[in-house]
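Enquirer: Shown below is the structure under consideration.
The values are calculated or read from the model by the stated rules, or taken from the named source; none is laboratory data. On a predicted model such as this, the values are computed, not experimentally measured, just so you know. Neighbour counts run over all protein chains shown; Cβ positions are idealised from the backbone, glycine included.
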Amino acid sequence: MNIANKTYPEIADRLVAIRKAFAPDANQKEWATKHGFNATQVNNWEKGLRRIPVENAEKLCETYGVTLDFIYRGRRDGLSETASKVL
């Protein structure tokens, strides 16, 4: 597969799950603004069109008690107790 055509649907699903679990009333734009992200970037991440950069994923880890392994690989070990309950 050409790298230009690569998609990230599993990562996208986990990012949507994080947003909906921790900010159920926030839309993409509100959530993006809260974290200092561009709304278009968040939209692309949640559609799986682009992979969230590590530095942005780290912000989510620090805020919500998730791990990079969860965001990128779906591994649940290491999640905070709160994150384990809601995700």
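Enquirer: Which is crowded, with 16+ Cβ neighbours inside 10 Å, at pLDDT 95 or above and hydrophobic (A, V, I, L, M, F, W, C), of 66, 54?
Expert: Of 66, 54, the one residue that is crowded, with 16+ Cβ neighbours inside 10 Å, at pLDDT 95 or above and hydrophobic (A, V, I, L, M, F, W, C) is 66.
Enquirer: Among the residues of segment 69-80 satisfying the criterion of being assigned to a helix (DSSP H, G or I) and in contact (Cβ under 8 Å) with a residue 24 or more places away in the chain, which is surrounded by the fewest Cβ atoms within 10 Å (Cβ to Cβ)? Give the derivation first.
Expert: Restricting attention to segment 69-80, the residues satisfying the condition of being assigned to a helix (DSSP H, G or I) are 69-73.
If we keep only those that are in contact (Cβ under 8 Å) with a residue 24 or more places away in the chain as well, we get 70-72.
Numbers: 70: 24, 71: 23, 72: 16.
Looking at the filtered set, the residue picked out is 72.
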